[in-house]
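Read through the structure below, which is laid out as structure tokens, and then see the notes.
Since every read-out is calculated from the coordinates, none of them should be taken as a lab result. These numbers come from a predicted model, not from an experiment. In this analysis, Cβ positions are derived from the backbone assuming ideal geometry, glycine residues included, and neighbour counts consider all displayed protein chains.
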Amino acid sequence: MKLKRRMYPYLFIAPALITLIAVSAYPLAYNLYMSLTDFNLARPNNINFVGLENFFYVFHQPSFVNSLKVTLIFAGIALSMEFSIGLAIAVLLTKPIRGKGLVELLVIIPLLIPPVVSGFIWRYMYQQDYGIIPFVLNSIGIETGTGLLTESSTVLFALIVVEVWITTGFVILLLLAGLRNLPKEPIEAAQIDGATQFQIFTHITLPLLKPIIFTVLLLRLVDVVKIFDIIYVLTGGGPGEKTEVISYFIYRAGAVLLRMGYAAAVSLIFVGIVLGICILILKIGRIKYV
Amino acid sequence: MFKSIKKYIDLWIIVLTLVIILFPVIWTFFLSIKPIWVAFLSPPRLFFTPTFHAYWSTFISGPYSMYLLNSLIIAGSTSVISLILGSLAAYGFVRFKFSGQRMLLFWILANRMIPPIVIALPMYIMMARIRILDTYLAVILGHLTYILPFSIWMMSGFLQGIPLEMEEAALIDGCSQFGALVRIIIPISRNSLFATGIFCFAFSWNEFLFALLFTLYKAKPIPVAVTEFWAEMTVGWTEIAAVCTIYIIPGVLIALFLRRQFIRAFSLEGMNK
């Protein structure tokens with residue numbers, strides 16, 4: 001009877017655990033195996049062990065280095081835009097202004113629209129011949145060349161705008177929740193001591209908000225480096241390889257070029273990078289998990 | 001004087017934000033009811049006779065109601081499975097102390113961090129081997145990789161809020177642990193289960209990559225089907241817009257009615273014990 005009680009927690013957890021091992025741990029392990037072979041979907045029955053060759057090859061390939069660079073630039077610009085816009089609007093929403101309830105209610109909508117759909121919505125608006133965005137830009141004197149999504153100078157930023165549109169609501173809501181839970185005393189004390197609004201914000205509000213800021217950055221960063229859907233719909237990685245992010249690079253290597261072994265090696269490097277970023281931010285922000 | 005200008009700036013930012021959020025969505029709805037030739041006009045024409053032809057040609061005479069049903073079956077099954085397995089596991093994690101607990105929980109939650117493409121490619125080969133590609137099961141299994149951890153974590157948060165005393169009373173009265181879960185915990189956490197289920201549904205409903213790789217024809221959900229308009233010579237923008245308009249309705253409803261649970265659902269807040 002005693003033994004049976006000890007088994008209880010495992011009985012409750014087992015179904016979920018077994019499922020996750022099957023759908024997540026096993027595929028990851030399979031990736032590890034594939035990364036050491038020349039597995040190609042065009043000849044799935046002829047698999048040779050090649051050791052670490054795929055990994056050596058990865059870093060000699062300009063396309064991979066390019067996809068790393070694109071992903072980092074994308075993530076860097078998108079995150080800084082989301083964060084600065086998000087913080088500004090969140091601070092604004094703590095003040096008593098008309099219409100702020102409506103904003104709070106509606107900022108969630110882009111997050112719950114399927115990214116594929118958002119991609120189409122924006123692709124139509126970006127169309128050079130009949131889209132509203134080139135029309136507005138042209139009429140205020142800004143040239144859009146052959147199109148915002150085909151010019152290599154504008155395409156990445158055009159994609160970033162879509163990503164910012166989708167996810168800034170998330171940043172706003174988390175920061176707003178953080179701002180509302182701040183202790184009132186330090187701010188009141190500073191006001192009595194004659195600090196200006198700006199001083200209070202930079203010296204008291206921001207430091208107090210630090211844990212939330214790190215959480216938001218971590219969550220967004222982990223998400224933004226995985227970006228795939230809107231790239232697939234809006235540009236397909238083009239023009240050239242201008243917008244080919246890592247996820248899309250792996251997709252192309254595996255599902256289009258059928259080189260599974262190579263795709264698996266890149267995948268493992270990708271997982272390593274994502275985990276590395278997480279650990280780094282957790283360490284810097286001193287956030288405790290679980 | 002200066003104060004009032006500042007006040008107006010705030011108000012203008014609010015208005016601008018609302019416009020930026022809503023305009024693309026409303027624009028898409030308008031596109032869906034435009035006659036096809038109006039969709040390609042520049043400058044865009046604001047007044048036209050609305051037509052529902054795009055809805056008719058996709059959902060009624062076209063195959064899109066079938067794809068919609070596929071989406072519904074996949075998202076529905078994913079959320080039911082995630083809810084059952086997830087709340088059982090959450091109960092195990094919250095109510096018991098056992099060795100390896102923290103490690104196990106950390107591993108489960110870390111699954112949410114793994115980029116989907118990394119899992120999707122090897123899973124594709126596994127599914128080809130057991131011949132379940134292009135079935136609902138294939139997509140559901142793919143979605144479980146990140147929706148099940150979400151459900152476990154979400155339910156753990158809710159269950160922590162339920163006082164132990166309620167179950168202890170039932171356990172003393174001779175109820176088994178499982179019985180306590182079914183008779184006491186589930187009825188009082190009805191709302192949390194509902195909220196979690198809705199979000200699991202939304203995540204599955206919106207997912208694209210797994211569905212793209214694992215389906216071909218029979219099990220294809222809308223996000224995959226809608227990308228295929230590109231194959232045709234002229235882009236069917238009004239049809240794309242009609243499909244998109246129908247497809248975002250659940251998400252918009254969730255956004256409007258489940259706002260309170262929203263922050264929890266999309267963050268790891270509550271994980272920092």
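Listing for the model above:
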read-out: Segment B:57-272: relative contact order as a whole-number percent, Cα under 8 Å and 6+ apart; value: 34
read-out: Within segment B:63-163, chymotrypsin sites (Phe, Trp or Tyr not before Pro) in DSSP loop having at most 15 other beta-carbon neighbours inside 10 Å; value: B:PHE98
read-out: Residues B:HIS53, A:HIS203, A:HIS60, B:HIS143 arranged by fewest to most Cβ contacts within 10 Å; value: A:HIS60, A:HIS203, B:HIS53, B:HIS143
read-out: Pairwise Lys count, chain A - Cα closer than 20 Å, eight or more residues apart or different chains; value: 7
read-out: Neighbourhood net charge (14 Å Cβ-Cβ; Lys/Arg +1, Asp/Glu -1) for A:MET81; value: -1
read-out: Around B:ALA241: net Lys/Arg minus Asp/Glu count, Cβ-Cβ under 14 Å; value: +1
read-out: Dimensions in Å of segment A:33-90 - Rg and Dmax from alpha carbons; value: 19.1, 57
read-out: Distance cut-off 29 Å, percentage of C-alpha pairs in chain A lying past it; value: 52
read-out: Expected 222 nm ellipticity per residue - DSSP helices of 4 or more, -39500 (n - 2.57), all of the protein assembly as shown, to 500; value: -21500 deg cm²/dmol
read-out: DSSP H segments from chain B that extend 15 Å or more along their own axis, Cα-based, with Kyte-Doolittle mean of 1.6 or above; value: B:2-32, B:237-257
read-out: Tensor-based shape of segment B:57-272 (alpha-carbon gyration tensor, a/c under 1.5 rounded, otherwise prolate or oblate); value: prolate
read-out: Rounded to the nearest 20 debye, dipole of the protein assembly as shown from Cβ charges on Lys, Arg, Asp, Glu; value: 1380
read-out: Footprinting exposure proxy for B:THR145, A:THR19 (fewest neighbouring C-beta atoms within 10 Å first); value: A:THR19, B:THR145
read-out: Loop-located GluC sites (Glu not before Pro) in segment B:135-241 whose Cβ has at most 11 other Cβ within 10 Å (DSSP); value: B:GLU232
read-out: Segment A:147-259 shape via C-alpha gyration tensor axes, a/c threshold 1.5; value: prolate
read-out: In segment B:110-188, trypsin sites (Lys or Arg not before Pro) in a DSSP loop with at most 16 other beta-carbon atoms within 10 Å; value: B:ARG131
read-out: Residue mean of other protein chain beta carbons inside 10 Å, A:23-34; value: 6
read-out: Gyration tensor (alpha-carbon) shape descriptor, the protein assembly as shown, a/c threshold 1.5; value: rounded
read-out: Footprinting exposure proxy for A:TRP122, B:TRP12 (fewest neighbouring C-beta atoms within 10 Å first); value: B:TRP12, A:TRP122
